[in-house]
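These notes are about the structure you will find just below.
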Amino acid sequence: MLKRLGRLFVIKTRFEACIIIYALALGALARGEDYLAAYPGFPGYLLSAATTGAVFLAGAKLMEATRPDTGRRRRKSDIQAQ
């Protein structure tokens, strides 16, 4: 039963990854607005940019992890890792 429940939390497709990235972006924007209200000026803009930047990094990692394996690699380091 726990195994079946655990499968709900596995990201299998790129569509699921996009949904999660969208949810992360909404949360980051809400937090960025809070930072802008709490820290007016440059510090607020810097913290707001950091939250959206974290979404870009997490989104890139999710998209890379759900990429279908076609056997072709973009970098030599991908081939050496196998």
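The values are calculated or read from the model by the stated rules, or taken from the named source; none is laboratory data. Since we're looking at a predicted model, the values are computed, not measured. Because the Cβ atoms are built from the backbone with ideal geometry, glycine has one as well, and the counts that use them run over all protein chains shown. Quick note on the areas: whole protein, heavy atoms, side chains included, nothing else; ligands and nucleic acids left out. Shrake-Rupley method; radii C 1.70, N 1.55, O 1.52, S 1.80 Å.
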Around Y45, under 15 Å between beta carbons, what's the net of Lys plus Arg minus Asp minus Glu among the other residues? -1
Just to confirm a number: summing +1 for Lys and Arg and -1 for Asp and Glu over residues other than A17 whose beta-carbon lies under 14 angstrom from that of A17, what do you get? +2
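Quick one: accessible area per residue over the range 1-44, 1.4 Å probe, rounded to a whole number of Å²?
Here the per-residue accessible area is 86 Å².
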Between L29 and T66, what is the spin-label point distance in nm, taking each point 7 Å from the Cα along the Cα→C-beta axis? 1.9 nm
What part of the accessible area of the range 1-58, given as a whole %, is carbon or sulfur when the probe is 1.4 angstrom? 73 percent
